[in-house]
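These notes concern the structure reproduced below.
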Amino acid sequence: MPLSIISDKNKRKEHEVLEDLCTKIDSNKSTIFNSGAGSGKTYALIESLKHIINKHGKRLKEHNQKIICITYTNVATKEVKGRLGHSDLVLVSTIHERIWDLIKTHKKELVKIHKSKLEDEIQNIENAFVSDDVYTVYNSLSKDKKVEFLKLADDKKDLFYLHYSDKSKDFKEALVDFDVYPNILKNVSNFKKIISSIYKKENYQHCIEKIDSLSEDYTEVIYNSSYNRDQLHRMRISHDTLLEYGLSIIEGYDLLKQIVIDKYPYILIDEYQDTSELVITVMKHLFEHSKKIKHDFFIAYYGDTAQNIYSSGVGRNLTSIHKDLEIVDKEFNRRSYQEVVTVINTIRNDNITQSSIFEDCTGGSVAFYTGQRESTDKFINKHISEWGINAQNKLHCLFLTNKAVAAYSGFSNIYGKFSNAGYYRKYFDQLNTDLLSEDTSKLGEIPNLLFRILDFRDKLNNQYTQISHILSPNIYKGMNVSDLRSLLSDLNSINGTSLFTYVDSMLKKYSGTKCNRLKEILSATLDLKDYSLIGFKNHLLFLLYPNLKDEDQNAAVENIDNLLNIELSEYEKWHRFILNQQNDKVVYHTYHSTKGREFNNVIIIMENAFGRTRAYFDFFFLNRHTLGELSDNDLTKIEEVKNLLYVSCSRAIKNLRVLYLDDVSTFTEGIENIFGEIKIFKN
DNA sequence: ACCCTATTGATTTTT
DNA sequence: TCAATAGGGT
């Protein structure tokens with residue numbers, strides 16, 4: 001078994017790194033712990049927590065103090081809690097949960113900060129009115145005319161929103177009353193911005209008045225972690241604004257700083273590279289205040305700048321915001337064969353150069369191919385046989401977009417019909433969350449409904465399903481064996497080959513039975529107002545096509561019919577994808593979604609473009625040698641691509657292949673320097 | 001020929 | 001939301 005032998009020397013060296021870290025903890029020297037991909041960062045984090053508990057736990061308990069551990073995601077919170085085991089001394093959570101917990105009791109201060117945010121926003125709007133070309137037409141009106149205009153805008157509020165999404169021509173017709181102001185309707189998108197800004201400003205002003213008069217509902221700021229939108233005029237704030245307020249309150253109140261420092265003398269932050277600059281600034285303030293008042297306080301940042309793939313994260317800027325930190329680097333790799341380690345070292349090309357901790361670390365393979373898009377399948381198949389891929393030794397294939405992942409995972413029709421729906425044409429960025437979230441509570445309303453139907457069907461078809469997973473206790477309470485048999489036989493007679501025929505069968509069962517238990521089970525799954533086929537379709541139509549116009553009715557109905565007529569076998573694939581239970585030997589992911597994971601065999605499908613950026617990977621390979629000649633903007637771009645390439649390549653334990661779908665002849669050097677000889681894949 | 005506006009199509013991920 | 005492109009007017 002390769003990757004199993006560690007020499008005494010390496011064991012000692014690895015141990016020394018951890019000891020080094022513990023020394024920093026014991027002497028309260030705040031530290032950055034840099035550790036590349038696969039080096040055991042989470043292990044080090046857990047060991048640090050254990051060290052603090054063992055060595056300083058007694059003291060903490062006596063002073064009623066706690067350790068704070070911040071993770072980037074809820075999934076990571078769960079993992080840390082699981083690996084650490086229960087401890088009263090450690091608070092593990094995401095930054096948002098922790099900050100809200102710390103500041104939510106300071107209601108008055110928060111409202112004060114909120115009011116000043118509203119004032120700032122009003123100022124921003126007013127500044128834009130002066131400086132932004134969008135508002136020129138409005139600005140050229142006389143003072144009196146402006147007053148008159150505002151009055152008209154108020155009167156037409158309902159009409160404005162009713163026709164907001166109309167085509168320009170229709171919109172102009174609907175709001176023709178504004179035509180008395182010359183040129184105002186000439187550019188519809190500018191007009192919309194003007195009116196929206198006016199409404200926004202009025203809302204904010206109104207809110208400030210309510211706050212000042214201490215009106216009910218305006219005495220506290222509301223944060224709801226499942227609703228990420230600012231509605232400042234309703235006292236509601238988004239995730240980002242929460243962090244902003246957290247920073248404001250920490251900056252403004254020294255007493256709060258001291259309370260945090262004294263109550264939580266150890267703060268450990270996981271994945272620091274993805275953490276917002278606002279949070280780092282909060283930590284800096286705490287750090288500096290602790291020095292000022294000479295109280296013991298320790299902060300540690302665990303992470304890796306090369307794995308910063310979200311632009312909102314602090315990345316390399318950590319050290320320029322929070323200065324005077326000690327640094328501990330871990331340069332062993334515990335994940336991959338040396339062949340892979342060598343490649344990922346070249347990609348990151350910085351002061352972190354990993355080597356495998358294992359003696360028996362050779363035997364992996366890396367290769368870079370170019371090929372036609374049409375031969376992607378053949379490329380994958382070639383490696384299925386070459387690497388002996390089967391259900392136990394899977395192949396993981398990485399694509400840039402969810403669209404491609406959906407297609408290769410076998411549910412392109414479902415993805416296509418949803419992306420075609422009116423709602424997702426408008427809220428394009430909502431599609432992937434609504435349709436593909438592994439956390440089913442985040443699925444959109446319709447995807448969630450379809451998911452429940454498939455879950456219901458799946459459980460019925462699986463003979464190992466426990467009764468309690470289909471029937472809730474209050475349903476099977478008081479039932480005898482004969483009742484149960486007949487109920488199950490009723491349920492099992494529901495069938496269909498497409499979603500349409502299956503739902504039809506469910507609904508017929510519902511209306512055709514007098515059994516209340518059966519009705520209850522079906523309504524728990526479907527949760528409709530109207531249990532008819534028309535009712536079901538209208539429900540879909542209503543949610544997938546809000547504010548539907550008569551002339552678009554036919555196309556909408558057709559798209560919904562198409563969605564429902566997709567075979568159940570395709571829906572099953574989608575269902576398994578959501579549950580992360582693909583039983584196929586090949587599993588498809590987006591590059592981004594593989595963060596933190598590791599796979600034996602990895603194929604990365606790559607091309608020039610990504611999203612709006614047409615020159616993405618080609619730009620990186622072409623320019624990675626000439627960084628000195630690039631603008632700051634280009635350097636940021638190079639770093640972004642580099643990090644994404646680093647994250648995706650470092651997922652591989654043993655075998656790594658890249659298939660590049662565009663012509664690479666103009667940037668071969670940039671590729672060969674990392675991956676060696678460029679091979680050509682011909683079917 | 002040029003300028004301005006309307007329409008269209010497209011990334012990833014977290015809280 | 002944003003950039004690229006299509007379209008319309010002068």
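For residues that are within 16 Å of DNA strand C (Cβ to nearest atom), in a strand (DSSP E or B) and not hydroxyl-bearing (Ser, Thr, Tyr), tally how many sit in the range A:590-616.
1
Report, by residue number, each residue of the range A:64-113 that is over 24 Å from A:ASN28 (Cβ atoms), without any contact (Cβ under 8 Å) to a residue 40 or more places away in the chain and more than 14 Å from DNA strand B (Cβ to nearest atom).
Once the filter is applied, which keeps residues that are over 24 Å from A:ASN28 (Cβ atoms), without any contact (Cβ under 8 Å) to a residue 40 or more places away in the chain and more than 14 Å from DNA strand B (Cβ to nearest atom), the range A:64-113 yields A:GLY82, A:GLY85, A:HIS86, A:THR105, A:LYS108, A:LYS112.
Can you tell me which residue is surrounded by the fewest Cβ atoms within 10 Å (Cβ to Cβ) among those in the range A:341-372 that are of a type outside the set (A, V, I, L, M), under 23 Å from A:MET606 (Cα atoms) and touching a strand residue (DSSP E or B) at 6+ places or on another chain (Cβ under 9 Å)?
The first filter runs over the range A:341-372 and keeps only residues of a type outside the set (A, V, I, L, M), leaving A:342, A:345-346, A:348-351, A:353-356, A:358-365, A:368-372.
If we keep only those that are under 23 Å from A:MET606 (Cα atoms) as well, we get A:342, A:345-346, A:348-349, A:364-365, A:368-372.
Those left that are additionally touching a strand residue (DSSP E or B) at 6+ places or on another chain (Cβ under 9 Å): A:342, A:345, A:364-365, A:368-371.
On the way: A:THR342: 18, A:ASN345: 20, A:GLY364: 22, A:SER365: 15, A:PHE368: 21, A:TYR369: 20, A:THR370: 19, A:GLY371: 18.
Top of the filtered list is A:SER365.
When the range A:292-314 is examined, which residues are found to be of a type outside the set (Ser, Thr, Tyr), closer than 18 Å to A:THR281 by Cβ and within 13 Å of DNA strand B (Cβ to nearest atom)?
Once the filter is applied, which keeps residues that are of a type outside the set (Ser, Thr, Tyr), closer than 18 Å to A:THR281 by Cβ and within 13 Å of DNA strand B (Cβ to nearest atom), the range A:292-314 yields A:ASN308, A:GLY313, A:VAL314.
Quick grid of which residues meet (1) within 16 Å of DNA strand B (Cβ to nearest atom); (2) of a type in the set (Asp, Glu); (3) at pLDDT below 95; (4) at negative phi:
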residue: A:THR433; (1), (2), (3), (4): yes, no, yes, yes
residue: A:LEU450; (1), (2), (3), (4): no, no, no, yes
residue: A:TYR464; (1), (2), (3), (4): no, no, yes, yes
residue: A:MET479; (1), (2), (3), (4): no, no, yes, yes
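Is there any pair linking a residue in the range A:425-438 that is closer than 17 Å to A:ALA556 by Cβ to one that is within 9 Å of DNA strand B (Cβ to nearest atom), with Cβ under 7 Å and at least six apart or on different chains, and which?
Sorted first by the residue in the range A:425-438, then by its partner, the pairs are A:LEU431/A:SER419.
Count, please, the residues in the range A:611-624 that happen to be within 13 Å of DNA strand B (Cβ to nearest atom), at pLDDT 90 or above and either among the hydrophobic types (A, V, I, L, M, F, W, C) or surrounded by fewer than 19 Cβ atoms within 10 Å (Cβ to Cβ) (or both).
1
Do you know which of the residues in the range A:242-259 that are crowded, with 20+ Cβ neighbours inside 10 Å and not small (Gly, Ala, Ser) is farthest from DNA strand B (Cβ to nearest atom)?
A:LYS257
Within the range A:403-431, how many residues are of a type in the set (Phe, Trp, Tyr) and either farther than 24 Å from A:VAL586 by Cα or near DNA strand B (Cβ under 7 Å from one of its atoms) (or both)? Reasoning before the result, please.
Keep residues of the range A:403-431 that are of a type in the set (Phe, Trp, Tyr), which gives A:408, A:411, A:415, A:418, A:423-424, A:427-428.
Adding the requirement that they be either farther than 24 Å from A:VAL586 by Cα or near DNA strand B (Cβ under 7 Å from one of its atoms) (or both) leaves A:418, A:423-424, A:427-428.
Qualifying residue count for the region: 5.
Can you pull out the helices (runs of 4 or more DSSP H) entirely within the range A:39-133 that have at least 1 residues that are of a type in the set (Gly, Ala, Ser) and in contact with a Cys (Cβ under 9 Å, 6 or more places away or on another chain)?
Values: elements: A:41-62, A:74-84, A:95-103, A:107-131.
Filter on the range A:39-133 gives A:41-62.
Filter the range A:290-314 for residues that are touching a Leu at 6+ places or on another chain (Cβ under 8 Å) and assigned to a strand (DSSP E or B) and give the result.
Across the range A:290-314, the qualifying residues are A:ILE299, A:ALA300, A:TYR301, A:TYR302.
Name the one entry in A:TYR199, A:TYR161 that is within 16 Å of DNA strand C (Cβ to nearest atom), surrounded by 14 or more Cβ atoms within 10 Å (Cβ to Cβ) and of a type in the set (Ser, Thr, Tyr). Break it down stepwise before answering.
On the way: A:TYR161 fails: surrounded by 14 or more Cβ atoms within 10 Å (Cβ to Cβ).
Result of the check over A:TYR199, A:TYR161: A:TYR199.
Conditions first: (1) among the hydrophobic types (A, V, I, L, M, F, W, C); (2) within 30 Å of A:VAL75 (Cα to Cα); (3) in contact with a Leu (Cβ under 6 Å, 6 or more places away or on another chain). A:ILE208 passes all but one, so which condition is the exception?
(2)
Regarding the range A:19-30, can at least one residue be identified that is part of a loop (DSSP other than H, G, I, E, B), assigned by TED's automatic domain parsing to the domain that holds A:TYR266 and over 35 Å from the mean Cα position of the chain (by Cα)?
Step one: list which residues in the range A:19-30 are part of a loop (DSSP other than H, G, I, E, B), which gives A:27-30.
Next, from what is left, pick out any that are assigned by TED's automatic domain parsing to the domain that holds A:TYR266: A:27-30.
Now narrow it down to the ones that are over 35 Å from the mean Cα position of the chain (by Cα): A:27.
Within the range A:19-30, one or more residues are part of a loop (DSSP other than H, G, I, E, B), assigned by TED's automatic domain parsing to the domain that holds A:TYR266 and over 35 Å from the mean Cα position of the chain (by Cα).
Only residues that are of a type in the set (A, V, I, L, M) and in a helix (DSSP H, G or I): list them for the range A:543-566, please.
First pass over the range A:543-566, keeping only residues of a type in the set (A, V, I, L, M): A:543-544, A:548, A:555-557, A:560, A:563-564, A:566.
Once the filter is applied, which keeps residues that are of a type in the set (A, V, I, L, M) and in a helix (DSSP H, G or I), the range A:543-566 yields A:LEU543, A:LEU544, A:ALA555, A:ALA556, A:VAL557, A:ILE560, A:LEU563, A:LEU564.
Restricting attention to the range A:644-656, report how many residues are out of contact with any His (no Cβ under 9 Å at 6 or more places or on another chain) and surrounded by 22 or more Cβ atoms within 10 Å (Cβ to Cβ).
In the first step, residues of the range A:644-656 are kept if they are out of contact with any His (no Cβ under 9 Å at 6 or more places or on another chain); the result is A:645-646, A:649-650, A:653-654, A:656.
Cutting the leftovers down to surrounded by 22 or more Cβ atoms within 10 Å (Cβ to Cβ) gives us A:645-646, A:649-650, A:656.
So the count comes out to 5.
Starting from residues that are part of a loop (DSSP other than H, G, I, E, B) and more than 15 Å from DNA strand C (Cβ to nearest atom), keep the ones in the range A:167-184 and report whichever is farthest from A:TYR138 (Cα to Cα). Steps first, please.
In the first step, residues of the range A:167-184 are kept if they are part of a loop (DSSP other than H, G, I, E, B); the result is A:167, A:175, A:181-184.
Pick out the ones that are also more than 15 Å from DNA strand C (Cβ to nearest atom) and you get A:175, A:181, A:184.
Values: A:LEU175: 16, A:TYR181: 9, A:ILE184: 7 Å.
The extreme case among them is A:LEU175.
Determine whether the range A:461-472 contains at least one residue that is touching a Cys at 6+ places or on another chain (Cβ under 8 Å) and either farther than 27 Å from A:LEU435 by Cα or among the charged types (D, E, K, R) (or both). Show your work before the answer.
Step one: list which residues in the range A:461-472 are touching a Cys at 6+ places or on another chain (Cβ under 8 Å), which gives none.
No - not one qualifying residue is present in the range A:461-472.
Would you confirm whether or not the range A:631-639 contains a residue that is within 16 Å of DNA strand B (Cβ to nearest atom), loosely packed, with under 13 Cβ neighbours inside 10 Å and touching a residue at least 24 places away in the same chain (Cβ under 8 Å)?
no
What number of residues within the range A:567-589 satisfy the criterion of being among the acidic types (Asp, Glu) and part of a strand (DSSP E or B)?
Of all residues in the range A:567-589, those among the acidic types (Asp, Glu) come to A:567, A:570, A:572, A:584.
Filter once more, keeping what is part of a strand (DSSP E or B): A:567.
Looking only at that region, the number is 1.
Which condition number does A:SER276 fail, the rest of (1) more than 28 Å from A:GLU16 (Cα to Cα); (2) out of contact with any Gly (no Cβ under 8 Å at 6 or more places or on another chain); (3) surrounded by fewer than 21 Cβ atoms within 10 Å (Cβ to Cβ) being met?
All conditions pass for A:SER276, except number (2).
The values are calculated or read from the model by the stated rules, or taken from the named source; none is laboratory data. Computed from a predicted structure; not experimentally measured. Quick reminder, even Gly has a Cβ in these numbers, built from the backbone with ideal geometry, and neighbours come from all protein chains shown.
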